[in-house]
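Written below as structure tokens is the structure these notes are about.
The values are calculated or read from the model by the stated rules, or taken from the named source; none is laboratory data. Keep in mind the model is a prediction, meaning the values are calculated, not measured. Neighbour counts are summed over all protein chains in view; Cβ atoms, including those assigned to glycine, are modelled from backbone coordinates with ideal geometry. Note: areas computed on protein heavy atoms with side chains; ligands, DNA, RNA excluded. Shrake-Rupley method; radii C 1.70, N 1.55, O 1.52, S 1.80 Å.
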Amino acid sequence: MGKLFSKKKSPKYDSFNSTSKQTDSPEREGGVMSSSPVHQEAVVSLAGVQTGLSLSGSKDKTVVLYDYHNNRLEDRWTGHEREVTKVCYGSACHGMFSASRDKSVRMWQRGNPNAVREFQGHDLVVTAVTLNPDNTMLCTGSRDNSVRLWNVETAKCVMQNSIPQNLVTDVKWIPNSSLVVQVGEDKQVRLYDTRNLSVIHSFTKKQYIQMSCDISPDGVYCLTCSNGFGGNGCEATLWDLRSRSLIHEFKGHIEAIEACIFLPSSDLPLVATASRDCTVKVWNRDTKALVSDLSISGAGPITSLLAYEDGSVLAGSFNMGIQLMELKKGQLSRRSQF
């Protein structure tokens, strides 16, 4: 898709071998606490581990586990030959998974600087990773038009489904089910049954490329977001997974939406979106009303989102590392960056 903004160089780190390392003392810049960036290039993916920890992947080819409560680098993993595209965490297997443009997925564990599994088989960049609830199966997607299912223990591919022109952008496992949602550049939103990896439903085709997806914790709703420009497209879509129908769209961004997530339970059902227009927006899931709109000047494209029940919301960016925000009474405010 090309690079929309020039890269901002960050200070380089010394080699790091799975030992916690305190980063430089944070400094306050414009009311926001700023620590040394944990990545040297754009942060493209975030995943939750537990409150206070962020798992991130970057164009600098590294995967980082960072304690943002204590400004401490917990682990940095290197080994990918090209930039990382997605990360996810498996609580049952204690594994950090990273997909890359080097066509592989790797599994990492704390205290070990080397990959404990390598999942090889895709023909092009791997763009999506998701785990089933018990972390025994890994589902991946790629620009090679395929969705693949892997045994986590053996790192062997057990099934694959290739669909012409299906350049996969994201996949998410639906909780407490055998179903996976997949979105891609063919503008489709598909449901797969992982028991045979067949497509059991395709939702109404969208007008623009679908960039990312998320599933509500109860498995009832799916949220997807789209490419676009000048305010055309640039919307998020809420889908009902029970009736398999479109509920409504969230419109207001003026550039492509890179990430969308369901926010943890609060007084209101909320979702969040992040865009190349340097903004993070919070919406009422049911009324589609805009609740909060935060612009992060100079961040470049906001690529990814992560949220915890304590109100912490994190966003990965091209130019300003990881932004830590706080969601309080529906309103977002910046706290720090690292």
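Once segment 39-79 is narrowed to residues that are basic (K, R) and in contact with a Phe, Trp or Tyr (Cβ under 9 Å, 6 or more places away or on another chain), the residue that is farthest from Q109 (Cα to Cα) is K59.
Cβ separations smaller than 8 Å between residues 6+ apart or across chains give the following pairs from segment 258-270 residues that are part of a strand (DSSP E or B) to residues that are aromatic (F, W, Y): F262/Y221; L270/F262; L270/W283.
Look at (1) in contact with a Ser or Thr (Cβ under 7 Å, 6 or more places away or on another chain); (2) under 20 Å from N227 (Cβ atoms); (3) hydroxyl-bearing (S, T, Y) and you find that S275 fails only one, number (1). Given the condition of a type in the set (S, T, N, Q) and either open to solvent by 10 Å² or more (accessible area, probe 1.4 Å) or farther than 18 Å from S333 by Cβ (or both), answer yes or no: does some residue in segment 257-270 qualify? Yes.
Being outside any strand (DSSP E or B), open to solvent by less than 40 Å² (accessible area, probe 1.4 Å) and free of Cβ contacts under 8 Å to residues at least 24 places away in the same chain is the requirement here; does D123 meet it?
Criteria not met by D123.
Of the strands (runs of 3 or more DSSP E) entirely within segment 54-118, none holds at least 1 residues that are farther than 26 Å from V168 by Cα, modelled with pLDDT of 95 or more and in contact with a His (Cβ under 8 Å, 6 or more places away or on another chain). Is at least one residue of segment 280-287 within 15 Å of the chain's Cα centre (by Cα), at negative phi and not in a strand (DSSP E or B)? So far as segment 280-287 goes, no, none of its residues is within 15 Å of the chain's Cα centre (by Cα), at negative phi and not in a strand (DSSP E or B). Is one or more of the residues making up segment 193-212 among the acidic types (D, E) and crowded, with 18+ Cβ neighbours inside 10 Å? No, because not a single residue in segment 193-212 is among the acidic types (D, E) and crowded, with 18+ Cβ neighbours inside 10 Å. A single entry from C157, C139 fulfils the requirement of being free of Cβ contacts under 8 Å to residues at least 40 places away in the same chain, in a strand (DSSP E or B) and touching a Lys or Arg at 6+ places or on another chain (Cβ under 9 Å): C157. The set of residues from segment 213-257 being over 22 Å from N132 (Cα atoms), outside any strand (DSSP E or B) and hydroxyl-bearing (S, T, Y) comprises just one member, S243. In a residue-by-residue description of segment 240-254, the property of being buried (at least 20 other Cβ atoms within 10 Å of the Cβ), under 20 Å from V44 (Cα atoms) and aliphatic (A, V, I, L, M) applies to no position. For first residues located in segment 318-329 and at negative phi, partners that are open to solvent by 40 Å² or more (accessible area, probe 1.4 Å) and small (G, A, S) and lie 6+ apart or on another chain with Cβ distances below 8 Å form the pairs N319/G298; M320/G298; M325/S333; E326/S333; L327/S266. Restricting attention to segment 117-130, which residues are more than 13 Å from the chain's Cα centre (by Cα) and within 20 Å of L55 (Cα to Cα)? Within segment 117-130, R117, E118, F119, V126 meet the criteria.
Here is a yes/no grid of residues against (1) in contact with a Leu (Cβ under 9 Å, 6 or more places away or on another chain); (2) closer than 27 Å to V158 by Cα:
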site	(1), (2)
S45	yes, yes
K59	no, no
R72	no, no
C88	yes, yes
A92	yes, yes
F97	yes, yes
S100	no, yes
K103	yes, yes
T127	yes, yes
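Within segment 228-244, is even one residue of a type outside the set (D, E, K, R), touching a Phe, Trp or Tyr at 6+ places or on another chain (Cβ under 9 Å) and touching a residue at least 60 places away in the same chain (Cβ under 8 Å)? The answer is yes; a qualifying residue exists. Scanning segment 148-192 for residues that are farther than 21 Å from L223 by Cβ and open to solvent by less than 40 Å² (accessible area, probe 1.4 Å) turns up R148, L149, W150, V152, A155, N161, I163.
Step by step: first the residues of segment 300-326, then only those that are over 15 Å from the mean Cα position of the chain (by Cα) and surrounded by 24 or more Cβ atoms within 10 Å (Cβ to Cβ), then the one that is farthest from P217 (Cα to Cα). Which residue is that? Only one residue tops the list, namely M320.
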